[in-house]
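Read the structure below first, then the notes.
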Amino acid sequence: MHPHKHLILGRKLRIIGIMARGWESKSVESQIESAETSNQESSHHDQPDLERMRQHQALVLSRSRVLQQLEVSQNPRHREMLNQALADLEAQLAGFN
């Protein structure tokens, strides 16, 4: 291969790499705009409603983690603690309905 052809090829690759980063930044820019639009739309919701939804989601997630731990737990004391935690989480979740 001729050395000059290799340089030209290398230069083309670098230009393509720069173009790819340019496209990537456009994608990031559109994602940021989309997030800003989404944030503006969600700002119409009441803050207490959003906080209540977050709390509910956190309780549901905690409940699923406790259930997963119960499936694999062998220690009776640990299982008892998990069952108590599960009962507490379910009582809190019942308060959301």
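Where a number appears in this text, it was derived from the coordinates with a stated rule and is not lab data. All values derive from a computational prediction rather than experimental measurement. A quick note on method: Cβ atoms are made from the backbone with ideal geometry, for glycine too, and the neighbour counts reach across all protein chains shown.
Grab the other residues whose beta carbon is less than 15 angstrom from that of residue 55, score K and R as +1, D and E as -1, and report the net. It would help to have the intermediate numbers written out before the result.
Working: positive: 52, 54, 63; negative: 46, 49, 51, 88, 90.
Within the 15 Å Cβ shell, the charges total -2.
If R₀ is 41 angstrom, what is the calculated FRET efficiency for the pair residue 77 and residue 49, using the beta carbon separation as r and rounding to 0.05? Please report the intermediate quantities before stating the final value.
Details: r = 40 Å, r/R0 = 0.96.
Result of the calculation: an efficiency of 0.55.
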FRET efficiency, residue 87 to residue 57 (Cβ-Cβ, R0 22 Å, nearest 0.05): 0.65
Packing-based ranking, highest mean first, of 62-70, 75-83 given that Cβ atoms within 10 Å are counted: 62-70, 75-83
